[in-house]
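K.L.:
This is the structure I want to talk about, given as structure tokens.
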Amino acid sequence: MASRVSVMGSVLINDNDMDRRRIELVSSIAEEINKRRTFAIISHPDAGKTTLTEKFLLYGGAINLAGSVKGKATARHAVSDWMEIEKERGISVTSSVLQFNYDGYCINILDTPGHQDFSEDTYRTLMAADSAVMVIDASKGVEAQTRKLFKVCGMRGIPIFTFINKMDRDANDTFELLDEIEKELGIATCPVNWPIGSGKRFKGVYNRHGNHVLTFSDTQKGTREGETTVIPMDNETLLLEKIGDEALSILRDEIELLDGASAEFDIEQVRKGKLTPVFFGSALTNFGVEVFLQNFLKMATTPLPRISQGETIDPVENDFSAFVFKIQANMNKAHRDRVAFMRICSGKFDAGVEVRHVQGGKVMRLSQPQQIMADERKILSEAYAGDIIGVFDPGIFSIGDTVCAPKNDICYEGIPTFAPEHFARVRQMDTMKRKQFIKGVNQIAQEGAIQIFQEFHTGMEEIIVGVVGVLQFDVLKYRLENEYNVEIKLEPLPYEYIRWIENKDEVDLNKLSGTSDMKKIQDLKGNPLLLFINQWSIGMTVDRNKGLVLSEFGRN
């Protein structure tokens with residue numbers, strides 16, 4: 001039986017050809033998606049996270065010289081630290097997105113702030129990642145912020161890979177470091193390699209799978225040049241020459257102990273977030289960095305499925321969909337625009353093709369789709385599931401919004417917001433700059449860095465700012481002055497607890513019976529909230545108002 005022939009313009013296309021092309025297109029999209037590895041790097045401040053990120057970029061050829069993270073030794077700064085305040089203080093205060101290619105993989109790195117005052121930004125970023133690299137300082141072990149970030153990873157159930165950094169400095173006992181990870185974080189460890197000494201006695205690492213030692217020559221700071229020597233464990237002559245008799249004897253004892261005590265490597269347990277592969281090295285001197293990158297890319301998952309309204313959205317089998325996890329205004333003084341960062345969850349994105357903004361209820365084209373390298377931009381024509389893209393936001397997107405192909409019925413769950421723990425009243429010093437002031441606080445609030453409220457039923461005259469960490473106040477003040485030319489004064493408020501009213505339509509706030517330390521406020525959408533100085537006041541207020549339901553979380 002002859003196959004049908006379709007007429008498209010003046011070209012005759014056989015149905016079999018159409019099917020073949022469709023299969024080829026799907027196969028091509030699947031191939032691109034399977035190349036993707038999208039991960040976040042998390043750590044306590046000063047564990048070396050940003051330095052490790054830059055070394056990855058160095059090996060991928062994305063940069064030629066790694067920046068000085070604190071900006072003291074040279075005029076350069078870390079590539080991922082693009083805000084002026086980050087360059088001045090030498091810390092990361094906002095997540096940045098970095099993409100590069102290495103060994104056939106397309107890698108999307110989400111570099112996150114390490115400081116606990118910026119943990120909400122890190123939390124939202126982890127929602128966009130498929131796995132996490134946990135960087136630990138070998139001399140300090142598991143620190144407070146590491147625990148908090150690990151809990152967020154645990155909530156997502158994503159794979160966690162551990163890089164124990166700064167082995168070029170005197171480190172804690174290696175077995176004690178592993179024991180601490182297991183006890184503090186509740187995850188089994190499986191060392192993939194093993195350090196030979198630390199500090200000035202750091203000779204290299206032992207590769208357990210290959211049963212060989214890797215030694216490294218010192219590298220010039222900020223470059224990738226350096227010589228790696230692979231020495232089989234049965235080549236005792238060369239081992240004695242390179243690492244010495246004492247280090248070799250200790251290594252053999254530790255290998256024997258390790259083989260009997262550590263967990264067996266199980267890729268399924270790794271991908272369930274139950275087992276973390278552990279690597280050792282020094283990001284500063286490049287010891288073990290490329291070895292870690294190569295192993296990580298083989299072990300990490302391709303883009304993971306996401307849940308929409310109870311259904312699993314497969315990255316390959318479904319058409320384009322994405323969600324907004326971050327909004328950033330004024331990334332570059334030359335641009336002065338807002339960028340909405342989207343994690344593509346399924347299919348292929350083609351620039352110029354119409355998509356549906358689910359929350360806005362509109363079919364539209366995404367404007368100026370870009371690949372972002374910190375504050376540098378490259379216009380994109382296409383992107384795939386796993387990629388992070390930035391699009392121009394005229395003020396219509398919110399964190400947690402879904403965009404998808406027009407015919408799809410996809411709506412990803414919103415991202416919960418952290419309850420602020422610090423509050424201050426904001427006063428502008430020059431009342432003639434009211435317009436810039438309102439624009440500035442609104443745009444910064446829409447990024448999720450701060451939450452802004454107002455006195456109940458008083459309008460925008462009195463603005464109250466809530467933040468997770470007090471350093472966010474400094475960032476707000478700095479950005480208003482430098483980006484909006486508005487000087488402000490912050491008056492700290494004594495409140496420490498905030499609660500959303502879940503059943504606001506059933507409650508008359510004017511008749512609400514509260515405590516003396518309770519304050520009624522509202523968000524910019526008019527939703528009522530309550531502030532408290534004392535935690536016990538929360539329970540007392542609920543007891544006094546029958547049917548009142550309070551929540552610790554809002555939702556974007």
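The values are calculated or read from the model by the stated rules, or taken from the named source; none is laboratory data. Bear in mind the structure is a predicted one, so any value in this text is a computation, not a measurement. Neighbour counts run over all protein chains shown; Cβ positions are idealised from the backbone, glycine included. In case anyone asks, the SASA skips ligands and DNA or RNA and just uses the protein heavy atoms, side chains included. Shrake-Rupley method; radii C 1.70, N 1.55, O 1.52, S 1.80 Å.
K.L.:
Which one is surrounded by the most Cβ atoms within 10 Å (Cβ to Cβ), of the residues in segment 173-207 that are in a loop (DSSP other than H, G, I, E, B) and at pLDDT below 90?
P.N.:
Checking each candidate, the answer is 202.
K.L.:
Also: Can you run down the residue pairs with Cβ atoms below 7 Å, 6 or more apart or on separate chains, where the first is in segment 129-156 and closer than 28 Å to residue 305 by Cβ and part of a strand (DSSP E or B) and the partner is of a type outside the set (Phe, Trp, Tyr) and at pLDDT below 80?
P.N.:
Once the first residue is closer than 28 Å to residue 305 by Cβ and part of a strand (DSSP E or B) and sits in segment 129-156, its partners that are of a type outside the set (Phe, Trp, Tyr) and at pLDDT below 80 give 132/153; 134/146.
K.L.:
Sort out which residues of segment 130-148 are over 17 Å from residue 188 (Cα atoms) and either open to solvent by less than 10 Å² (accessible area, probe 1.4 Å) or touching a Ser or Thr at 6+ places or on another chain (Cβ under 8 Å) (or both), and write them in order of number.
P.N.:
Matches in segment 130-148: 130, 137, 138, 145, 148.
K.L.:
Could you please find all residues in segment 523-549 being at pLDDT below 90, out of contact with any helix residue (DSSP H, G or I) (no Cβ under 9 Å at 6 or more places or on another chain) and either open to solvent by less than 20 Å² (accessible area, probe 1.4 Å) or small (Gly, Ala, Ser) (or both)?
P.N.:
Across segment 523-549, the qualifying residue is only 526.
K.L.:
Still on this structure, I have one more. Does residue 52 qualify as being modelled with pLDDT of 50 or more and open to solvent by 10 Å² or more (accessible area, probe 1.4 Å)?
P.N.:
No.
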